[in-house]
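Written below as structure tokens is the structure these notes are about.
The values are calculated or read from the model by the stated rules, or taken from the named source; none is laboratory data. What you see is a predicted model, and the numbers here were worked out from it, not measured in a lab. Here Cβ is always computed from backbone atoms with ideal geometry, including for glycine, and neighbour counts include all displayed protein chains. These accessible areas exclude ligands, DNA and RNA; they are computed on the full protein's heavy atoms, side chains included. Shrake-Rupley method; radii C 1.70, N 1.55, O 1.52, S 1.80 Å.
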Amino acid sequence: MSQINKIAVIGAGNMGSGIAQKIAQEGLNVVMIDLKDEYVERGLGIIRQMLQEGVERKIFKPGQVDDILSRITGTSDFEAAADADLVIEAVFEDKQVKADLFKKLDQICSKKTILATNTSSFYVKEFAEQTARPDRFIGLHYFFHPAKNRLLEVIPHQATSRDTLDKSLLAAKLHGKTAIVVKDAPGFAVNRFFVPFLNEAARMLEEGLADIPTIEAAAKQAFKIGMGPFELMNVTGIPIAVHASTTLGNEIGPFYATAGILKAQMEKNELWDLAGEADEAKIAAVVERFYGVCLGVAAALVDEGVASIEDTDRGAKIGLRWIMGPFEIMNKIGVDRTHAAVEAITRKYDDFKMPQVLARQHELGRPFEFKFVDLEVKDNIGYITLNRPEAMNALNPKVVAQLDQCFSEAEKNEAVEAIVFQGAGKAFVAGADIRYFVQKIKADKISDIYDFTSKGHELLLKIENSAKMTMALLDGLSLGGGSELALACQAIIATPAGSMGFPETGIGIFPGLGGMLRTARMVGPELAKYYVFTGSTMTAQDAHELGIVTKLVMPADIDSAVQELMAGDKPDKYRQRKIPDRLKPLARVCSADNVARLLAGDPPQGVPEELAARVSKVIGFKAPVALKLSNDIIDQQDGKSMEEAVAIELGLLHDIFSTADALEGLSNIGRRVEFKGA
Ligand SMILES: NC(=O)c1ccc[n+]([C@@H]2O[C@H](COP(=O)([O-])OP(=O)(O)OC[C@H]3O[C@@H](n4cnc5c(N)ncnc54)[C@H](O)[C@@H]3O)[C@@H](O)[C@H]2O)c1
């Protein structure tokens, strides 16, 4: 895979400037091009202002702002895009303007350049056809504000090559976007159900079913959102809603066509009047109508293969900031009720038919099942992707069961020579689902946590002992269970963005999936205790120097690193190794003598003063029982077989999860907790 070194953004307006800002924020160079220098300057001004607001809100330090700005070049010279790897177009939503621009870019840009459009309402293929490189053409649909909203719809059209899609997904990852792959269809995935949500609100008003305050209240209740459709239109612009629904109506049919009252409001050039009290008696009917339309459309787009049910939910949650996606809502209110609400819509609008996916689920009489783990076999490699980016790919019983299923499938597949585990979105895996632990403790079902952990151990041992080479692709943050999954693999390929960490003792528990065991076996018990006691981040660089990370590479070199590892012998994970001098003081912090001191609340000795002070302070915030049990486990596991060592860890699981500190720590993630030591 070739590198994405240079990105150009065409158009320095609201979207273009935001896209350029985000790319630069994530450490990449970007050139932003507009027709005139003054437009470029205006775009740069928007970026400066946004970053300044970021400084005021303490998101950035002033120095960081200078760094970000230094990565953005603004120009009106289109030749600056000539050698870009990726060009993202964000100019006026005008078919001719975009078509002309792509003809010009096709002439200017080198053969390798991928051209992308951020169009909201046209087909991607229409612009691809203007160029001699339809295979290197794709849609990248951002959401406002592109520096803040993580969602990116990646839209290959029919002729987009696999390589172009892969490179676009890499580019998305490199600038911190959560990508969902969507078919080249009207409204793509998110606007397909979001625009009817706005439009139907207007129709209900038009019909006199309810007034604006009632419709606003019903929408907030139905979707657990902060702003109803009328307020949203007031903020984002009524013309945008009219334009989007007109396009959908023209492309798909009258069900999607703009409500007359909505068009009239645009023509009046007035905002909606939100004042007044909701009429409680009318809310229920409005809620059902919203469900019928939005959930029905979400199911229809899945029927048409526009997006998967999981990506449709992701689109709603990440792109629109809904608490639940449409399919999660269907499960919550029940498939029967959803079916009835959608059926009412099919009766009301002739051209809206009951989606198959909903009819089938209704017949089955059970909720939708979500896929959180995907297996894809490519070039003799089984790629297992933890695909739950909205929860940073956190592990829970469902995810672990699916992981197990995908792994077994990959192992059985004779064409698969190596199995690579990776995380969707920015993180690898951010530990286990804390909410699950809290629920189980409160329900007095710690035995379920035991079963979940025990199954997890079995899977990790299978991964570690597989006859096929198993690799973790650590190109983002990992914590707890995520780091433990990576450690169980036979090799780890990391990029500089990768990291590991064991925050467990800070939330009242200990790493329960062999993280202590495997770290100790690789780099010795002292260093393992240091990372577990302090929860300090182990950067990819540190892990590489410690021989935990097998290969440290730049994102573009991941594929060749995988190939190289496959071609060689399996790495000897537990070989003897030298601890680099730089990291020796960390090991000394947790020598046997110092551990006794630390557990008694005293600072370690024989290490630099600053380190001793920092460690004592950090350990002071950890749960005492968790620290003590971690220490005991690491000591007891020494010299035992893997299976015996796992049994030791599992044997103490009930003890730790039944402490008051565990419940307190797990219930207060992100807040400082006063642990009681019990
Ligand atoms: N605003 C949103 O919420 C949103 C969301 C997703 C996608 N989009 C899409 O993004 C695109 C841009 O929208 P926007 O809101 O940033 O518009 P905008 O009007 O703020 O900015 C458009 C910019 O493009 C420049 N431009 C026009 N023709 C050009 C050309 N031939 N070459 C170079 N620059 C040119 C203009 O000078 C202007 O600075 C549209 O296609 C829109 O549909 C918008």
Matching option when the condition is within 16 Å of the ligand (Cβ to nearest atom), surrounded by 24 or more Cβ atoms within 10 Å (Cβ to Cβ) and not small (Gly, Ala, Ser), among Ile108, Ile33, Ile46: Ile33
Restricting attention to segment 1-26, the residues that are away from the ligand (no atom under 16 Å from the Cβ) and more than 20 Å from the chain's Cα centre (by Cα) number exactly 6
Would you pick out the residues in segment 159-194 that are touching a helix residue (DSSP H, G or I) at 6+ places or on another chain (Cβ under 6 Å) and β-branched (Val, Ile, Thr)? Thr164, Thr178, Ile180, Val190
For segment 539-575, which residues satisfy the criterion of being of a type in the set (A, V, I, L, M, F, W, C) and touching a strand residue (DSSP E or B) at 6+ places or on another chain (Cβ under 7 Å)? Ala540, Ala543, Ile548, Val549, Leu552, Val553, Ile558, Ala561, Val562, Leu565, Met566
Residue in segment 134-172 that is farthest from the ligand (Cβ to nearest atom), counting only those that are more than 29 Å from Ile240 (Cα to Cα) and part of a loop (DSSP other than H, G, I, E, B): Ser161
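Restricting to helices (runs of 4 or more DSSP H) lying wholly in segment 252-344: which have 1 or more residues that are in contact (Cβ under 8 Å) with a residue 24 or more places away in the chain and in contact with a Cys (Cβ under 9 Å, 6 or more places away or on another chain)?
Counting at least 1 such residues, we get 326-333.
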Among the residues listed as Leu474, Leu565, Leu513, Leu479, the single one being closer than 14 Å to Val420 by Cα and surrounded by 24 or more Cβ atoms within 10 Å (Cβ to Cβ): Leu474
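A quick yes/no check of all residues on (1) modelled with pLDDT under 95; (2) within 16 Å of the ligand (Cβ to nearest atom); (3) hydroxyl-bearing (Ser, Thr, Tyr); (4) in contact with a strand residue (DSSP E or B) (Cβ under 7 Å, 6 or more places away or on another chain):
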{"site": "Ile212", "(1), (2), (3), (4)": "no, no, no, no"}
{"site": "Ala218", "(1), (2), (3), (4)": "no, no, no, no"}
{"site": "Asn234", "(1), (2), (3), (4)": "no, yes, no, no"}
{"site": "Ser245", "(1), (2), (3), (4)": "no, yes, yes, no"}
{"site": "Leu262", "(1), (2), (3), (4)": "no, no, no, no"}
All conditions in (1) touching a residue at least 60 places away in the same chain (Cβ under 8 Å); (2) under 17 Å from Ile19 (Cβ atoms) are true of Lys112 except (2)
Within segment 44-75, count every residue that is free of Cβ contacts under 8 Å to residues at least 12 places away in the same chain and not in a helix (DSSP H, G or I). 5
Residue in segment 119-133 that is farthest from the ligand (Cβ to nearest atom), counting only those that are farther than 9 Å from His157 by Cβ and of a type in the set (Ser, Thr, Tyr): Thr131
Scan segment 192-235 residue by residue and report those that are crowded, with 23+ Cβ neighbours inside 10 Å and either polar (S, T, N, Q) or in a loop (DSSP other than H, G, I, E, B) (or both). Asn199, Thr214, Gly228
Among the listed residues Ile441, Ile449, which satisfies the condition of being open to solvent by 20 Å² or more (accessible area, probe 1.4 Å), among the β-branched types (Val, Ile, Thr) and assigned to a helix (DSSP H, G or I)? Ile441
Note on segment 49-58: residues within 14 Å of the ligand (Cβ to nearest atom) and more than 17 Å from Ser70 (Cα to Cα) are none
Among (1) within 30 Å of Gly568 (Cα to Cα); (2) open to solvent by 10 Å² or more (accessible area, probe 1.4 Å), the one test that Glu369 misses: (1)
Residue check for Ala179: more than 16 Å from the ligand (Cβ to nearest atom), farther than 13 Å from Cys294 by Cβ, open to solvent by less than 40 Å² (accessible area, probe 1.4 Å) and of a type outside the set (S, T, N, Q): no
Taking the stated definitions as given, is Glu38 exposed (fewer than 14 other Cβ atoms within 10 Å of the Cβ), within 12 Å of the ligand (Cβ to nearest atom) and not in a strand (DSSP E or B)? yes
Six or more apart or on different chains, Cβ under 8 Å: which pairs go from a residue in segment 394-408 that's touching a residue at least 12 places away in the same chain (Cβ under 8 Å) and within 11 Å of Leu459 (Cβ to Cβ) to one that's open to solvent by 40 Å² or more (accessible area, probe 1.4 Å) and among the hydrophobic types (A, V, I, L, M, F, W, C)? Could you list them? Cys406/Leu375
Mind checking which residues of segment 78-102 are near the ligand (Cβ under 8 Å from one of its atoms), open to solvent by 10 Å² or more (accessible area, probe 1.4 Å) and within 30 Å of the chain's Cα centre (by Cα)? Ala90, Val91, Phe92, Glu93
Scanning segment 355-379 for residues that are assigned to a loop (DSSP other than H, G, I, E, B) and free of Cβ contacts under 8 Å to residues at least 40 places away in the same chain gives Gly365, Arg366, Pro367, Glu369, Asp379
I'd like the full set of residues that are under 21 Å from the mean Cα position of the chain (by Cα) and over 19 Å from Leu28 (Cα atoms), limited to segment 165-192. Leu165, Ile180, Val181, Val182, Lys183, Phe188, Ala189, Val190, Asn191
What are the pairs with Cβ atoms under 8 angstrom where one residue, in segment 118-146, is under 13 Å from Gly319 (Cβ atoms) and the other, located anywhere, is among the hydroxyl-bearing types (Ser, Thr, Tyr) and within 15 Å of the ligand (Cβ to nearest atom)? Sequence gap at least six, or different chains. His141/Thr119; His141/Ser120; Phe144/Thr236
